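*Asks:* Got a structure for you, questions after.
The numbers here are math on the coordinates, done by the rules we state, and not lab data. Not measured: the values here are computed from a predicted model. Glycine also receives a Cβ, built like all others from the backbone with ideal geometry; neighbour counts cover every protein chain displayed.
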Amino acid sequence: MSVSLSAKQVVKRYGGVVALADGNLEVEAGEVLALLGANGSGKSTLSKIITGVVAPNEGQLHLDGKLVSFSSPNDARKVGITAVYQELSLIPDMTVMENIWLTHEPRTLWRVNKAAMRRGTRDLLALFDGTISAGLTPDALVKDLPPDERQIVEICKALSHQPRLVILDEATASLDSQQVQRLYELVQDWKARGMAIVFVSHRMEEIRLFADRATVLRNGRSVGTRDLANTTDSELVEMMIEGAAQLGERTRAPLPDDAPVRLKVSALRGARLRNISFEAHDGELLGIGGLHGQGQSELLLALFGAIPFSGSVVLSGKSVHFRHPRQAMACDVAFVPGDRATEGLLLSRSILENLHLPSWAKFGTPLKMDRARADAQRSVEELQLVAESLDALASSLSGGNAQKVVIGKWLLRSPKLLLLNDPTKGVDVGAKGEFYQLLDKLRQSGAAIILYSSDDDELIGLCDRVLVFHDGRLTAELAGDQVTRANLVTASMGAHPAAQPQ
């Protein structure tokens, strides 16, 4: 099994918007090629053209030296090309087994061979033994699985087609470190068997772990391919973003000692939370760290009234116990989810509608649309949102711009407490920088911000303090010089770093 694929001068236009102006890519059998670029640079568009999801306006694809074109993903799968996308394609109300084999179920004459489906599903899931829970079975409903296990089902779905070339488009974004390591081991095996892999990620350490070479896109154009062994991170970033060399480190004024307490949590417990206590101050960016799935998301959801909990919560000096997000919103609390496709946006509705999802009531009855459009336009300018118009569908946005809308809809409400659930997952370097600037503005306005991030570097670079979770418990509270990678890793494993929670 071997494959070589090249894309040459590929162009894709959507009306007046050029999503891809000059896309070029070459990947050989037995190698991993990283596809890099800022959100909106054309990575996803080029990936979808290669896998037959969209058709190019111009350009050529060559497979093993022969000109090819695909009118559908099924055409690409027939020649061994498939993908694992950042936004999952699974059907929540179907089982794991049904999702993996959908449209190509094993058959005996005219009947689906469910025994063969079950065996095949078990074999695929066995690839991730030791990194998944006992609840991930062939008959489990996808809607009952956590995000990391849904992502693993998505990977298994792609593998069920026995591909010769697979595109991993942010396939690691929802996985924990053990699962990423297992995927790396699988990729090494695929390389040895002659598979070609295109790897899309915004985590530089993963790019260097997985990939041999990198092709960089910028503003819809390929700007070069580099051997990663001979290229520095800063050189890659400079290729990805014009003027990247001018992006300095974020500077932050220290939190005043007398900053008012905005939030005080005492002995908070829930299904995944065990006796959590801490404070967050006005103007503070409080980080939440630890390995994926240790209760961080549950804490934020509890504070937003989305899941039940017990314990004491004091917000702005008043005791509260939100049982619904509406109650939290009425007290100037906002929540930004990490899964923008299923939790943050209505993809089939316009950017304008999405920006005002939590706020339409303030525009009266009948709606004062001129005022709503003016407010939305100001938000678009502040967020530096790249979009055709306010009336464009949210589904037309790149990943980074889509996340800006998710954040922007809450910024329009001027929150006093902002809860962020891994908001930069799958967001490029440039969009992250703009997002960090927005957080700085919010801090300076006096808002308290609680940020859960799966990126330790983000926590180290942004946060005044970091609370580290392990197995639903708060195992360390790090501040100042104690916020180091060594302490974060130590505490995330349940051990005791230099500082302990008060």
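*Asks:* Rank Ala140, His62, Leu127 by how far each Cα sits towards the positive end of the charge dipole of segment 5-243 (+1 on Lys, Arg Cβ; -1 on Asp, Glu Cβ) and give me just the farthest.
*Replies:* His62
*Asks:* When the Cα centres of segment 261-305 and segment 123-145 are compared, how far apart do they sit, in Å?
*Replies:* If we compute the Cα centre of each part, the gap is 28 Å.
*Asks:* Work out which trypsin sites (Lys or Arg not before Pro) in the chain are exposed loop sites (DSSP not H, G, I, E or B, at most 13 other Cβ within 10 Å) and give the longest gap free of them.
*Replies:* 1-192
*Asks:* Just want the answer: with Cβ charges of +1 for Lys and Arg and -1 for Asp and Glu, which residue in Ser174, Ile155, Leu228 is farthest toward the dipole's positive end in segment 5-243?
*Replies:* Selected residue: Ile155.
*Asks:* Further question on the same structure: Need one word for the chain: rounded, prolate or oblate. Basis is the Cα gyration tensor (sqrt eigenvalues a ≥ b ≥ c); a/c below 1.5 gives rounded, then a/b vs b/c decides.
*Replies:* prolate
*Asks:* Charges on Cβ only, +1 for Lys and Arg, -1 for Asp and Glu, centred on the Cα centroid of the chain; of Gly290, Val11, Leu183, which one is farthest towards the dipole's positive end?
*Replies:* About the Cα centre, the residue reaching furthest to the positive side is Val11.
*Asks:* Still on this model: Cβ under 15 Å from Gln181's Cβ, Gln181 left aside: what net charge do those residues give with Lys, Arg +1 and Asp, Glu -1?
*Replies:* -4
*Asks:* If I model a spin label as a point 7 Å beyond the Cα along the Cα-Cβ vector, how far apart are those points for Lys8 and Arg485 in nm?
*Replies:* For the pair Lys8/Arg485, the computed spacing is 4.2 nm.
*Asks:* Would you mind counting up the charge near Glu353? Only other residues with Cβ under 12 Å from its Cβ, with Lys and Arg at +1 and Asp and Glu at -1. Working shown, then result.
*Replies:* Working: positive: Arg349, Arg373, Lys409; negative: Asp391.
In short, +2.
*Asks:* Classify segment 5-243 as rounded, prolate or oblate from the Cα gyration tensor: take a ≥ b ≥ c as the square roots of its eigenvalues, call it rounded if a/c is under 1.5, otherwise prolate when a/b beats b/c and oblate if not. Kindly include the intermediate steps, with their values, before the conclusion.
*Replies:* Details: a/c = 1.90, a/b = 1.45, b/c = 1.31.
The shape class here is prolate.
*Asks:* Another question about this same structure. Rounding to the nearest 20 debye, state how big the charge dipole of the chain is about its Cα centre with +1 on each Lys and Arg Cβ and -1 on each Asp and Glu Cβ.
*Replies:* Values: 55 positive and 60 negative charges, 296 e Å.
Computed charge dipole of the chain: roughly 1420 debye.
*Asks:* Another question, then. So what is Rg over Rh here for segment 262-492, counting just Cα atoms and using Kirkwood for Rh? Before the final figure, lay out the partial values.
*Replies:* Values: Rg = 17.5 Å, Rh = 18.1 Å.
With Rh from the inverse mean 1/r over Cα pairs, Rg/Rh is 0.97.
*Asks:* To the nearest 500 deg cm²/dmol, what mean residue ellipticity at 222 nm is calculated for the chain from DSSP H runs of n ≥ 4 alone, each contributing -39,500 (n - 2.57), summed and divided by the residues?
*Replies:* -9000 deg cm²/dmol
*Asks:* Nearest-5 percent of antiparallel DSSP beta bridges in the chain?
*Replies:* Just about 55 percent of them are antiparallel.
*Asks:* While we're looking at this one, here's another question. How much net charge surrounds Arg465 when only other residues with a Cβ under 10 Å from its Cβ are counted (Lys, Arg +1; Asp, Glu -1)?
*Replies:* -4
*Asks:* Give the distance, in whole Å, between the Cα centre of segment 344-382 and the Cα centre of segment 163-242.
*Replies:* 37 Å
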